[in-house]
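> One structure follows; several queries about it will come next.
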Amino acid sequence: MSVETITETTQYLTFKLTEEVFALEVAKVREILEYSTVTKVPQTPDYMRGVINLRGSVVPVVDLRLKFGMSAIEQTVNTCIIVTEVELNGETMQLGALADSVQEVNEMEPEQIEAAPKIGTRLNTDFIKGMGKQDNNFVMILDIDRVFNSKEMADIQGDDSQA
């Protein structure tokens, strides 16, 4: 979904990774959990922190800071897991994303959102849906369905058929 397709006021959950503020559409967020024990899964990418048991379901947990080339998350009392729904090959799966802290839910009008910056041809910014303006600051609105490519999602799910 591009900025041009955002035609109505949308609610976004804002959260922090280091000092940067990111946002996800509230419709993609299932719940927010306190950080708890994450079971490490061997031979997974660095950003794949492991899995949690969410009411009997296995939910993979990823560290978005590592995925975005930032330093690993330092666990604090504010560290949380944002459980989102991600579309992959027509299927919906739950994915937990580590965040330094959750901020708030904000509504943004289409005119408050600008297109994602095009930073040369080598950097992929397809996972940025747009740049929201909030209190004279920018908020990076993520397209969670595009943060991970299909091979990475297969790695997260532990599916070798995509490799």
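> Looking at Leu24, Gly56, Asn136, which one has the Cα that reaches farthest to the positive end of the dipole of the chain (charges on Cβ: Lys, Arg +1; Asp, Glu -1)?
The one lying farthest along the dipole's positive direction is Gly56.
> What's the Kirkwood radius of the chain in Å, using all Cα pairs?
Values: mean 1/r = 0.0611 Å⁻¹.
Answer for the chain: a Kirkwood hydrodynamic radius of 16.4 Å.
> Would you work out which of Cys80, Gln103, Tyr47 lies farthest towards the positive end of the dipole of region 3-153? Charges go on Cβ: Lys and Arg +1, Asp and Glu -1.
So the residue we want is Tyr47.
> Calculate, axis by axis, the spread of Cα positions in region 1-95 along the three principal axes, and write the results as whole Å, longest axis first.
42, 33, 23
> A further question follows. Loop-only check: which GluC sites (Glu not before Pro) in region 66-111 are DSSP coil with at most 16 other Cβ within 10 angstrom?
Glu74
> What distance in nm separates the two pseudo spin-label positions at Phe138 and Glu87, each 7 Å out from Cα along the beta-carbon direction?
Roughly 2.6 nm, to one decimal.
Values in this text are rule-based calculations from the coordinates and carry no lab data. Because the structure is a prediction, the values reported are computed rather than measured. All Cβ positions, glycine included, derive from the backbone under ideal geometry; neighbour counts span all protein chains shown.
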